[in-house]
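Working notes, beginning with the structure itself.
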Amino acid sequence: MNNNDRVILLIDIFVLSISKPILVGVYKNNKLIDSYTNSNSTSDSLPYIFDIILEKYHDIDNLYFVNSPGSYMSIKISYIFLNTFSIINDIPLYATSGFYFNYRTPIKAIGKKFFIYNNGDLVIDFLENNNELRNFYLPSILDSKIFTKNILPTYDLSCV
């Protein structure tokens, strides 16, 4: 096999920590090959899961995470952990909205209120009886086009 015949394998990590349980997927060439869940706090879960991942996968090419909406503490901790990991290991970090991973159904906000995706706008309100809630999921194929380099947490909390 010469250099022109080498197959490039891209290993990417996707973290979805805006609700419980935390979901982390390992993707090879955009296809989900391994997944981890943990119901502990984000500050306990991420180091634990990343220790396991790093024992198994040594060359990570990209990091992805959800930076809104959802648990603000979890978003902050994920941002700090992943951004630090990204800088130390020189790995690009990308972010996107959690609505891509729960079929755009409402996401728990504060108290009895929810973040509601309404035709491209984000509304914080009580649920109506006809609102359906769906669990978050790791996609079988990671679509990098829905992520951006704008990784700062988006705190979508208006006066509630």
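Looking at (1) crowded, with 22+ Cβ neighbours inside 10 Å; (2) more than 30 Å from N131 (Cβ to Cβ), which one does P69 not meet, given that it meets all the others?
With (1) crowded, with 22+ Cβ neighbours inside 10 Å; (2) more than 30 Å from N131 (Cβ to Cβ) applied to P69, the lone miss is (2).
Would you mind stating whether I87 is more than 14 Å from S19 (Cα to Cα), modelled with pLDDT of 95 or more, β-branched (V, I, T) and touching a Leu at 6+ places or on another chain (Cβ under 9 Å)? Outline the logic, then answer.
Values: more than 14 Å from S19 (Cα to Cα): yes; modelled with pLDDT of 95 or more: yes; β-branched (V, I, T): yes; touching a Leu at 6+ places or on another chain (Cβ under 9 Å): yes.
When the stated conditions are applied, I87 passes them.
How many residues are outside any helix (DSSP H, G or I), surrounded by 16 or more Cβ atoms within 10 Å (Cβ to Cβ) and polar (S, T, N, Q) when one looks only at region 32-48?
1
Residue under question is L152, and the condition is that it be in contact with a helix residue (DSSP H, G or I) (Cβ under 9 Å, 6 or more places away or on another chain), farther than 16 Å from L16 by Cα and in contact (Cβ under 8 Å) with a residue 12 or more places away in the chain; does it hold? Show your work before the answer.
On the way: in contact with a helix residue (DSSP H, G or I) (Cβ under 9 Å, 6 or more places away or on another chain): yes; farther than 16 Å from L16 by Cα: no; in contact (Cβ under 8 Å) with a residue 12 or more places away in the chain: yes.
For L152, the condition - in contact with a helix residue (DSSP H, G or I) (Cβ under 9 Å, 6 or more places away or on another chain), farther than 16 Å from L16 by Cα and in contact (Cβ under 8 Å) with a residue 12 or more places away in the chain - is not met.
Would you check which residues across region 18-29 are in contact with a helix residue (DSSP H, G or I) (Cβ under 7 Å, 6 or more places away or on another chain), modelled with pLDDT of 95 or more and over 12 Å from Y57 (Cβ atoms) and list them? If you could, list the steps in order and put the result at the bottom.
The first filter runs over region 18-29 and keeps only residues in contact with a helix residue (DSSP H, G or I) (Cβ under 7 Å, 6 or more places away or on another chain), leaving 18, 22, 24, 26.
The next check asks that each one be modelled with pLDDT of 95 or more; those that pass are 22, 24, 26.
Passing the criteria: only I22.
Under the condition of being of a type in the set (A, V, I, L, M, F, W, C) and at pLDDT below 85, which residue from region 107-123 is surrounded by the most Cβ atoms within 10 Å (Cβ to Cβ)? So that I can check it myself, show each step before the final result.
Pass one, region 107-123, residues of a type in the set (A, V, I, L, M, F, W, C): 107, 109-110, 114-116, 122-123.
Checking the rest, the ones that are also at pLDDT below 85 come to 110, 122-123.
Values: I110: 12, L122: 17, V123: 15.
Across region 107-123, the extreme among qualifying residues is L122.
Could you please let me know if I60 is among the β-branched types (V, I, T), within 22 Å of P139 (Cα to Cα) and surrounded by 14 or more Cβ atoms within 10 Å (Cβ to Cβ)? Talk me through it step by step, then tell me what you get.
Details: among the β-branched types (V, I, T): yes; within 22 Å of P139 (Cα to Cα): yes; surrounded by 14 or more Cβ atoms within 10 Å (Cβ to Cβ): yes.
Considered against the rule, which asks whether it is among the β-branched types (V, I, T), within 22 Å of P139 (Cα to Cα) and surrounded by 14 or more Cβ atoms within 10 Å (Cβ to Cβ), I60 comes out as yes.
Just the residues that are crowded, with 19+ Cβ neighbours inside 10 Å, of a type in the set (G, A, S) and more than 16 Å from G25 (Cβ to Cβ), please, taken from region 72-106.
S74, S97
The values are calculated or read from the model by the stated rules, or taken from the named source; none is laboratory data. Every value quoted in this text rests on a predicted model; they were computed, and no experiment measured them. No Cβ is skipped: glycine too gets one built from the backbone with ideal geometry, and neighbour counts run over all protein chains shown.
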